[in-house]
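Read through the structure below, which is laid out as structure tokens, and then see the notes.
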Amino acid sequence: MSERLQVVILAGGRATRLGDAARSTPKALLPVAGRPFLAWQLERLERSGYREVLVLTGHLGDSIASFLGDGSVFGMHARSLSDGKELLGTAGALRNALDELDDTFLVTYGDSYLPFDYSGPLTDLRAHPDALATMSVFPNAGRWDASNTLVRGERVERYEKGSTDPSLDHIDYGALALRRSVVAEIPAGVPLGLDAVQTDLARRGVLRAHVAPHRFYEIGSPAGLAELDRLLSGGKLP
């Protein structure tokens, strides 16, 4: 692709579920198969065509900034931006970074490893000017976590984080292509989760669905961290 691809990685969480493992090391830098997790993630993003990366940090953010540098070692142009002292939530962190965002960009999480082409959701959004966002989804059917998404055709019809409704058979995959104009509408300095934004976009009928072919992996829990370590060590992921 000739058009610039920007990715924003949300890496401000405190990783409380990981206990001592993340007490002095940010979750994004925890070792996985012999490398900091962020290295695996950036490598996959670079292979998908991304050259511009912005990492939004909070807890132990200086360590992430030091590891990231200018991004050249990963073949990218990178920088990090701290939330500051106040916890803003995932959407609030994006609003804090508004001046750094392209007109369209991808946002993903600093604890998610997604074995798919990360350019897919952003390519889809740019091809559909009537949409405000394209969310990657997986036909989860309650297997890997609680399903939270109802997909109809090419649209996300409902998104309800934490729902137990069995009609929601897909799950948010963890990579969302978004227009900067959506972020500009978020009140500055107000803590807000990205899930609330996605729920609203689905309700308004402006959220498209990009179906991922493989299940997702995460390092936010000890079990998830151990599983991904084992699979990447064995070269068993697509």
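Just so you know, all these numbers are worked out from the coordinates, no wet-lab data involved. Remember, it's a predicted structure, so these values are computed and weren't measured experimentally. Backbone-built Cβ (ideal geometry, glycine too); neighbour counts: all protein chains shown.
In what order do T104, T134 fall by count of nearby beta-carbon atoms within 10 Å, going from fewest to most? Show your work: numbers first, answer last.
Numbers: T104 21, T134 30.
Going from least to most buried by this count: T104, T134.
About the Cα centre, and with charges only on the beta carbon of Lys, Arg (+1) and Asp, Glu (-1), how big is the dipole of segment 34-106? Nearest 20 debye, please.
Working: 7 positive and 11 negative charges, 59 e Å.
Rounded to the nearest 20 debye, it is 280 debye.
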Sequence of F216, F67 once ranked by neighbouring C-beta atoms within 10 Å, starting from the fewest: F67, F216
Springs between alpha-carbon atoms under 10 Å, Gaussian network over the chain: tell me which of A196, A93, A11 tops the mean-square fluctuations. A196
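Of all GluC sites (Glu not before Pro) in segment 90-184, which ones are in loop regions per DSSP and have a Cβ with at most 13 other Cβ atoms within 10 Å?
Values: sites: E100, E154, E157, E160; in loops: E154, E160.
Here the sparse-neighbourhood loop sites are E154.
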Helical contribution to [θ] at 222 nm, DSSP H n ≥ 4, -39,500 (n - 2.57), averaged over the chain, rounded to 500: -7500 deg cm²/dmol
